[in-house]
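The values are calculated or read from the model by the stated rules, or taken from the named source; none is laboratory data. Only a predicted model underlies this, so the values are computations on that prediction, with no experimental measurement involved. Glycine gets a Cβ as well: all are built from the backbone with ideal geometry, and neighbour counts include every protein chain shown. When the accessible area is computed, the model is the full protein with side chains, heavy atoms only, and any ligands, DNA or RNA have been set aside. Shrake-Rupley method; radii C 1.70, N 1.55, O 1.52, S 1.80 Å.
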Amino acid sequence: MLTDYRLEKYSEVLMWGLTSARKGRYKKGDIVLIRYDRPATRLAEILLEKIMQRGMHPVLRAGLTPTMEHSFFQIANTSQLVFQTPGEKELYSNLHGSIYLYAPESLTHLRDIDPKKIGRATIARKPLRDILDKREEEGHFGWTLCIVPTEELAKQSGLSLKQYDQQVIRACYLDRSDPVAEWREIFKKANKIKQKLSKMNIDYLHVESESMDLKITPGKDRKWVGISGHNIPSFEIFLSPDWRGTEGIYYADQPSFRSGNYVEGVRLTFKKGEVVKVEARKGRNFILAQLAIDKGARRVGEFSLTDRRFSRINRFMANTLFDENFGGRQGNCHLALGASYSDTFSGNPDALTKEKKEALGFNDSALHWDLVNTEKKRVTAYLADGEQVVIYENGMFQLGI
């Protein structure tokens, strides 16, 4: 269990993340939603104080317990699955910030629930997410999130709670006297990499490892983003590619927990931009159900690379936020099935209409599922002028930075 001293540092980093993740500035009177699971109550209390001290209005929402969530999906009829609380749309239309404190007490409590029911509920909430996406594009909204260690997270990752605490402390630089200063320095270094990548006129990327042979097409009017404050921790540099140009095999050697289910050894074959074959050591039926959520669920919404020089994460943490930022010896790449991020558009995101997104190959879906590969790999950029440049190898960006 993190001490109040560590939680205070954590809250400072989260406030930095919230501020950095929004284009516009926060001001007195802004509304900030704090969503938290029960074990994260103390961190929520500390954040409430910090938000109020800045003259903003905190709105707190406690998450469902595993028993509540299981009961909901077990009992809910179709009407109950898609029900939206009155006033929810009004709240989301007026939010300026959101902090999510993820502290799960169970990771597998929905394993006996029909994945289709989970999918229906996910689709029903997509209009609320669309509201926040639009407000973010306009500079009116910013968000960040983190995890708070729990016995369940420690158990599923093969660690004691004390060991898990230490992993979180190290990964988020909470062992430093001024962790926010550390994050500002990482932010500065990452910007140099993003700028250099965004200036390269890349036709497509070739990702090669022992288990992968994948072609990713960045597409027109793209830029690389990441380490923006949205996630704590976050060391990934990514873009939302033109989904239509994805070809070949992607393999996730990292396991993944999602919606109370566990999957392992996921191998996806892409043809003409869509998943045409799914293989997995565990959880294949759940994967297939997730890919059937909507038309965009079988398409790529994000491609990401993490530089091991930034990330201090060196083991499986049973949480996507940490696992997608794995550093270790070889860094990682991850691919997200589903929704794209409009902030990877090189123009003004506010001008990125639905029609323009479709024309540029930005994917739309209620799903966004990150699947992680930590194998030794090489990523080669094939430029429009015919030149080939290795941009990532041995877990690091190879850009002279």
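Might you let me know whether segment 6-14 holds any residue that is open to solvent by 10 Å² or more (accessible area, probe 1.4 Å), closer than 23 Å to Ala62 by Cβ, touching a residue at least 24 places away in the same chain (Cβ under 8 Å) and not in a helix (DSSP H, G or I)? No, because not a single residue in segment 6-14 is open to solvent by 10 Å² or more (accessible area, probe 1.4 Å), closer than 23 Å to Ala62 by Cβ, touching a residue at least 24 places away in the same chain (Cβ under 8 Å) and not in a helix (DSSP H, G or I). Taking every residue in segment 221-237 that is under 12 Å from Trp143 (Cβ atoms) and pairing it with any residue that is part of a strand (DSSP E or B) and among the aliphatic types (A, V, I, L, M), at least 6 positions away or on another chain, the pairs with Cβ-Cβ distances below 8 Å are His230/Leu145; Asn231/Leu145; Ile232/Leu145.
Of the residues that sit in segment 360-401 and are among the polar types (S, T, N, Q) and not in a loop (DSSP other than H, G, I, E, B), which one is nearest to Gly331 (Cα to Cα)?
Of all residues in segment 360-401, those among the polar types (S, T, N, Q) come to 363, 365, 373-374, 380, 388, 394, 398.
Narrowing further to those that are not in a loop (DSSP other than H, G, I, E, B): 373, 380, 388.
Details: Asn373: 9, Thr380: 16, Gln388: 22 Å.
Result: Asn373.
When Tyr204 is tested against (1) open to solvent by less than 40 Å² (accessible area, probe 1.4 Å); (2) touching a helix residue (DSSP H, G or I) at 6+ places or on another chain (Cβ under 8 Å); (3) hydroxyl-bearing (Ser, Thr, Tyr), exactly one condition is not met: (1). Considering the conditions (1) under 30 Å from Thr380 (Cβ atoms); (2) in contact with a helix residue (DSSP H, G or I) (Cβ under 7 Å, 6 or more places away or on another chain), Ile193 is excluded by exactly one of them, (2). For segment 181-204, state whether one or more residues are among the hydroxyl-bearing types (Ser, Thr, Tyr) and free of Cβ contacts under 8 Å to residues at least 24 places away in the same chain. No - not one qualifying residue is present in segment 181-204. Here the condition is being in contact (Cβ under 8 Å) with a residue 12 or more places away in the chain, under 15 Å from Leu95 (Cβ atoms) and touching a Phe, Trp or Tyr at 6+ places or on another chain (Cβ under 6 Å); of Arg61, Arg35, it holds for Arg35 alone.
Are any residues in segment 205-220 assigned to a loop (DSSP other than H, G, I, E, B) and either free of Cβ contacts under 8 Å to residues at least 24 places away in the same chain or within 20 Å of Arg299 (Cβ to Cβ) (or both), and if so, which ones? Let's see the steps before the verdict.
Of the residues in segment 205-220, the ones assigned to a loop (DSSP other than H, G, I, E, B) are 210-212, 217-220.
Met212, Thr217, Pro218, Gly219, Lys220, listed by residue number.
Is it the case that segment 329-339 has a residue that's without any contact (Cβ under 8 Å) to a residue 40 or more places away in the chain and open to solvent by less than 10 Å² (accessible area, probe 1.4 Å)? So far as segment 329-339 goes, yes, one or more of its residues are without any contact (Cβ under 8 Å) to a residue 40 or more places away in the chain and open to solvent by less than 10 Å² (accessible area, probe 1.4 Å).
Restricting attention to segment 346-387, report how many residues are out of contact with any Phe, Trp or Tyr (no Cβ under 6 Å at 6 or more places or on another chain), of a type outside the set (Lys, Arg) and over 30 Å from Arg125 (Cβ atoms). Total satisfying the criteria: 8.
Here is a yes/no grid of residues against (1) over 16 Å from Gly229 (Cα atoms); (2) charged (D, E, K, R); (3) surrounded by 15 or more Cβ atoms within 10 Å (Cβ to Cβ):
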{"residue": "Arg135", "(1), (2), (3)": "yes, yes, yes"}
{"residue": "Val148", "(1), (2), (3)": "yes, no, yes"}
{"residue": "Leu153", "(1), (2), (3)": "yes, no, yes"}
{"residue": "Ser160", "(1), (2), (3)": "yes, no, no"}
{"residue": "Arg176", "(1), (2), (3)": "yes, yes, no"}
{"residue": "Pro179", "(1), (2), (3)": "no, no, yes"}
{"residue": "Arg184", "(1), (2), (3)": "no, yes, no"}
{"residue": "Leu197", "(1), (2), (3)": "yes, no, yes"}
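Contact map, segment 274-288: first residue outside any strand (DSSP E or B), second residue surrounded by 13 or more Cβ atoms within 10 Å (Cβ to Cβ) and among the aromatic types (Phe, Trp, Tyr), Cβ cut-off under 8 Å, separation 6 or more or different chains; pairs are Gly283/Tyr262.
Which residues, taken from segment 132-158, are in a helix (DSSP H, G or I) and under 13 Å from Ser342 (Cα atoms)? Before the answer, list the steps.
The first filter runs over segment 132-158 and keeps only residues in a helix (DSSP H, G or I), leaving 132-137, 151-157.
Matches in segment 132-158: Leu132, Asp133, Lys134, Arg135, Glu136, Glu137.
Residue under question is Leu205, and the condition is that it be under 16 Å from Ala381 (Cβ atoms) and in contact with a strand residue (DSSP E or B) (Cβ under 8 Å, 6 or more places away or on another chain); does it hold?
Details: under 16 Å from Ala381 (Cβ atoms): yes; in contact with a strand residue (DSSP E or B) (Cβ under 8 Å, 6 or more places away or on another chain): yes.
It is true that Leu205 is under 16 Å from Ala381 (Cβ atoms) and in contact with a strand residue (DSSP E or B) (Cβ under 8 Å, 6 or more places away or on another chain).
Determine, yes or no, whether Ser198 is of a type in the set (Gly, Ala, Ser), more than 16 Å from the chain's Cα centre (by Cα) and in a loop (DSSP other than H, G, I, E, B). If you could, list the steps in order and put the result at the bottom.
On the way: of a type in the set (Gly, Ala, Ser): yes; more than 16 Å from the chain's Cα centre (by Cα): yes; in a loop (DSSP other than H, G, I, E, B): no.
No.
Taking the criterion of being among the acidic types (Asp, Glu) and either part of a helix (DSSP H, G or I) or under 21 Å from the mean Cα position of the chain (by Cα) (or both), the only residue of segment 221-236 that qualifies is Glu236. I'd like the residue in segment 374-401 that is farther than 11 Å from Ile202 by Cβ, in contact (Cβ under 8 Å) with a residue 24 or more places away in the chain and aliphatic (A, V, I, L, M) and, out of all such residues, is least open to solvent (accessible area, probe 1.4 Å). Selected residue: Leu399. Restricting segment 69-85 to residues that are open to solvent by 60 Å² or more (accessible area, probe 1.4 Å), in a helix (DSSP H, G or I) and free of Cβ contacts under 8 Å to residues at least 40 places away in the same chain leaves a set whose member that is farthest from Asp37 (Cα to Cα) is Ser79.
Being on the phi > 0 side of the Ramachandran plot and open to solvent by 10 Å² or more (accessible area, probe 1.4 Å) is the filter here; which residues of segment 271-323 pass it? Let's see the steps before the verdict.
Filtering segment 271-323 down to residues on the phi > 0 side of the Ramachandran plot leaves 272-273, 283, 318.
If the condition is that a residue be on the phi > 0 side of the Ramachandran plot and open to solvent by 10 Å² or more (accessible area, probe 1.4 Å), then Lys272, Gly283 are the ones that fit.
Residue count for segment 113-123, restricted to those that are hydrophobic (A, V, I, L, M, F, W, C) and open to solvent by 20 Å² or more (accessible area, probe 1.4 Å): 1.
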